[in-house]
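Below is one structure, written out as structure tokens, with a few remarks after it.
Please treat every number below as a calculation from the coordinates, not as lab data. Because the structure is predicted, anything quoted here is derived from the model rather than measured. Here Cβ is always computed from backbone atoms with ideal geometry, including for glycine, and neighbour counts include all displayed protein chains.
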Amino acid sequence: MFFINRQSQKKYTVQTKTVVSERKDDIRRFVVQKEDQEIELVRSDTSWVISGHDSLSVKLSSLESFFDDILQLSKESDPISKNPDNWSKYSVSDSTGTHLFLYNSNDKELGHYIFGRTKTNFGKNTIRMEDDPNVYLTDKNILFRLQTRPTYWGEKPKPPDENEPEESIPAFPE
């Protein structure tokens, strides 16, 4: 009896699939675009820079949180809509969605994802991939990580502390 009940319950389990299949090391550049605003972050060797904002240092906490969330993001296997006429309803049309482009070291596009807000479940997002007209529900909300403001991703470098000596001086000189 237990086995039969368990088998019948499986049909109510939501099947999910990871959205971004690339590894963090494969991503060399990404662009976030919302309406007429856009920001691009580029990895050069081991450090990241914000294109066009040389005066800002990338906040590692924002970058790490972005990668943690985007690389663990899943979408439901079954679409919530297969009709492109509904893209605006789910905020994933070209003009209403928040776009995320991922690129590799050869500047080849790894993915183009369009994120939107759900009107009923604020803990999740809607998502459409550029090559798939279907709209899916994600397992969590990551829109707050997809910011186009330079100050979200970067901060002005802190000036050297005036009380700190330029060179390292031993605490107990011999």
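Seen from Phe144, the other residues with C-beta closer than 14 Å to its C-beta sum to a net charge of +4, counting Lys and Arg as +1 and Asp and Glu as -1. Quick check on my link table: of Lys89/Lys124; Lys124/Lys156; Lys34/Lys158; Lys82/Lys119, which ones sit more than 24 Å apart, alpha carbon to alpha carbon? Long pairs (Cα-Cα over 24 Å): Lys124/Lys156; Lys34/Lys158. Working from label points 7 Å from Cα in the Cα-to-Cβ sense, the Asp54 to Glu35 distance is 3.0 nm. All other residues whose Cβ lies under 9 angstrom from that of Gln72 are scored, Lys and Arg at +1 and Asp and Glu at -1, for a net of -2. Taking label positions 7 Å along the Cα-Cβ direction at both Arg23 and Thr118, the computed distance is 3.2 nm, reported to one decimal. Distance between the 7 Å Cα→Cβ label points at Asn86 and Asp68: 3.4 nm. A Förster radius of 25 Å, combined with the Cβ-Cβ distance separating Val42 from Thr151, puts the computed FRET efficiency at roughly 0.90.
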